[in-house]
1. Out of (1) within 30 Å of residue 30 (Cβ to Cβ); (2) more than 16 Å from the ligand (Cβ to nearest atom); (3) surrounded by 15 or more Cβ atoms within 10 Å (Cβ to Cβ), the odd one out for residue 83 is which?
2. So residue 88 passes all but one of these: (1) under 27 Å from residue 31 (Cβ atoms); (2) within 16 Å of the ligand (Cβ to nearest atom); (3) out of contact with any strand residue (DSSP E or B) (no Cβ under 7 Å at 6 or more places or on another chain). Which condition number does it fail?
3. Take the range 91-123 and flag every residue that is under 14 Å from the mean Cα position of the chain (by Cα) and either part of a loop (DSSP other than H, G, I, E, B) or under 14 Å from residue 143 (Cβ atoms) (or both).
4. Got at least one residue in the range 12-20 being part of a helix (DSSP H, G or I) and over 17 Å from the mean Cα position of the chain (by Cα)?
5. Output the residues belonging to the range 131-165 that are more than 10 Å from the ligand (Cβ to nearest atom) and either surrounded by fewer than 12 Cβ atoms within 10 Å (Cβ to Cβ) or more than 16 Å from residue 110 (Cα to Cα) (or both).
6. Take the residues of the range 64-74 that are at pLDDT 95 or above and part of a helix (DSSP H, G or I): which is surrounded by the fewest Cβ atoms within 10 Å (Cβ to Cβ)?
7. From the list 54, 116, pick out the single residue that is modelled with pLDDT of 95 or more and touching a helix residue (DSSP H, G or I) at 6+ places or on another chain (Cβ under 9 Å).
Ligand code: FES
C-alpha cells in the first residue's frame, strides 16, 4: 500500500483570473532587464517590486513574475521561499522583525519581544487583530553594537527598551526610511552591460584585481 501524498503547496490559480501585476509593476520590473545578462537575474528586484505594491507575493503573482522573466514558476517559489523577507500570504500593514541573536538577547531583547507580544496581543508569526502589525523574529540584523534592535518595515530601531514599545508602535512613521534603499533598486536604469568580460573589466579597478594583473 502506498502512502497518499498531499501536496499542500500546489497553488490553485483560476485560468480566467484578472492579472495581479498592473502595467506600472510590469514596467518597473522590465526597467531592471537592461542591467543584467538574463531576465532571470532580475528576480529579486522583481519580488521586491511586487511585495511593495501588493503587500505579499501570492501564487498567482509568482506565476506572473515567472511569465515576465521567462522562467518556471517553481524558480520563483524557490527564491521567494528562501528569504524570510518575502511573504506568500497576507501580512499586517507593517512587519516587526525583532532580533533574536546573541548580542540582542544579552542586552534585553527577550524583554522587548515580550513587550511587543503584550502590546499587540499576538505571538510570533501572528498578526494583530486590527491588521496593523505582524510580528516575527530573525537572526542578527547586523546592528549588534546597538542591541537590542528591531526592524519595523525597512527602518531599524536601535537600543529599544520594553518601555519604548507602546510609543514606538503608535508612531505612524516608524517604518519609514528617508534615503534610497540602494542605487540598484531605486536608482535610474543603467546602461546594459554587454558581457561578463566587460563587467569584469569595469570592476577591475579594485586593488586586488590590480595586484593580480600586475603579478
Ligand atoms: S545580535 Fe542583534 S543585531 Fe546582531
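1. (3)
2. Looking at each condition in turn, residue 88 falls short on (2).
3. In the first step, residues of the range 91-123 are kept if they are under 14 Å from the mean Cα position of the chain (by Cα); the result is 91, 94-97.
91, 97, listed by residue number.
4. Looking only at the range 12-20, we keep the residues that are part of a helix (DSSP H, G or I), and these are none.
No, every residue in the range 12-20 fails to be part of a helix (DSSP H, G or I) and over 17 Å from the mean Cα position of the chain (by Cα).
5. Residues satisfying the conditions are 131, 132, 133, 134, 152, 153, 154, 155, 163.
6. 67
7. Values: 54 fails: modelled with pLDDT of 95 or more.
Unique residue meeting the criteria: 116.
The values are calculated or read from the model by the stated rules, or taken from the named source; none is laboratory data. Worth saying up front: this structure is predicted, and the values here are computed from it rather than measured. Note: ideal-geometry Cβ built from the backbone for every residue, glycine included; neighbour counts use all protein chains shown.
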